[in-house]
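Colleague: One structure, as structure tokens, below. Some questions next.
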Amino acid sequence: MQGARLVTERALLENIKSRAFKVVTLILLLIALAAVVLPQIFSGSTTTYSLATVGTAPEQLKSALNAAGVAGDFTVTYTELANAALVREVVQAGDATAGLVADIIYTRADTSGSFPTLLSQSVVTLESIQKLQEAGLTPSQVAALQNITPPEQVVVGKTDSSSRSGIGFLVGIVLYLALTFAGNAIATAVATEKSTRISEVLLAVLRPSQIMVGTVVAVGLVTLGQLLVLVTPIAVAVRVTDEIDLPEVASGDLALAVMWFGLGFALYAFVFAAAAALVDKVTEVTAAILPVTLVLLAGYLVAVTIVVADPNSLASVIASIFPFSAPLAMPIRWSSGDVPLYQLAMAITFTMATAFALVALASAIYGRALLITGRRVKIRELIRP
């Protein structure tokens, strides 16, 4: 383990000092800050609604709407017009959100928001109070009727959130890109060490498995650090602010995504390293890791097509549990809110077991391939006793 630690430290220093690491980390940090700051900037202005009436709007109606505005963080402006025709015209022209003439409320066909409904409820409430007082009820009795507590609302089942599902989709993309970039970085590092004969020097004092583990862990830590730079500010903002339109549970989804990156990295990283050890030149790396890349790509395509379309289908369940697609499919399916815990546990268990098996296989391939230099390694040389 001491040897692997030394290789890890050396590879970490090389990665951290590289210009690519600094540029990518800065870009990810700017993306994270933009995701946190921009919603607060654009949501900083208060929504304003306008109400057009014939003459002055009743003071009781103004008081009700203004009180609702304080609670709902919006303001209401009032326009006094001479007749009903003018009220209808200003609403139709878009100069007023709604118009009130006697018992008629004018709104545009394309009006969005809840203000017309709020206006209608306020008018009904005020007229109800007036009729109750005319019927002989005292103000205290009317107030008692208004203060009737509504039934307690209990939400059963999981909350359906399209914004949370959108986060799941983005998580799938980010995890795929992170695993792909990390795999390519590992493969390039392994091929570079072999082509420059650095691996031969390391083999004089270390076992092949120690070299591979050290290189893989170094790249994994660098990629994980960059992923945390992107995810952490967003996850914290979801918990402490209301400006980002996401449920608080989305921060847990992001934490789970980081965990799945670790599992996916353990699953694929050592295979990338073993594949890269087969070549003798860095220019041959892309072709050598193509089969691994295609498997990773297939898992991603299944995740963003089948799982996104129907998270509860049989194909989605299988994809989210199958080890080679689970790191990409399960985070997306989990964001749908309908994944039983036992299926999550199965996916984690199967992925971990497969990762351990692949580490052993990749270590054996890496150890043999690293000793063959000057040409590309043939498959039969790896399986020869």
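The values are calculated or read from the model by the stated rules, or taken from the named source; none is laboratory data. What you see is a predicted model; the values in this text were computed from it and never measured. Because the Cβ atoms are built from the backbone with ideal geometry, glycine has one as well, and the counts that use them run over all protein chains shown.
Colleague: Can you find even one residue in region 315-324 that is part of a loop (DSSP other than H, G, I, E, B), surrounded by 15 or more Cβ atoms within 10 Å (Cβ to Cβ) and among the polar types (S, T, N, Q)?
Modeller: No.
Colleague: Also, quick follow-up: Could you count how many residues in region 259-286 are part of a helix (DSSP H, G or I) and buried (at least 19 other Cβ atoms within 10 Å of the Cβ)?
Modeller: Residues meeting the conditions: 17.
Colleague: Let me ask you something else. Are any residues in region 270-293 more than 23 Å from Phe356 (Cβ to Cβ) and without any contact (Cβ under 8 Å) to a residue 40 or more places away in the chain, and if so, which ones?
Modeller: Thr283, Thr286, Ala287, Leu290, listed by residue number.
Colleague: Let me ask something else about it. When you look at Leu294, is it part of a helix (DSSP H, G or I) and buried (at least 20 other Cβ atoms within 10 Å of the Cβ), yes or no?
Modeller: No, not satisfied.
Colleague: Give me the pairs, please: first residue somewhere in region 71-92 and under 15 Å from Phe115 (Cβ atoms), second residue anywhere and modelled with pLDDT under 85 and among the polar types (S, T, N, Q), beta-carbon distance under 6 Å, and either six or more positions apart or on two chains.
Modeller: From residues that are under 15 Å from Phe115 (Cβ atoms), the pairs are Phe74/Thr47; Thr75/Thr46; Thr75/Thr48.
Colleague: Which residues, counting only those in region 85-124, are over 42 Å from the mean Cα position of the chain (by Cα), of a type outside the set (A, V, I, L, M, F, W, C) and exposed (fewer than 12 other Cβ atoms within 10 Å of the Cβ)?
Modeller: Matches in region 85-124: Asp103 only.
Colleague: Give the residues of region 343-385 that are among the small types (Gly, Ala, Ser) and at pLDDT 75 or above, sorted by residue number.
Modeller: Ala345, Ala347, Ala353, Ala355, Ala357, Ala360, Ala362, Ser363, Ala364
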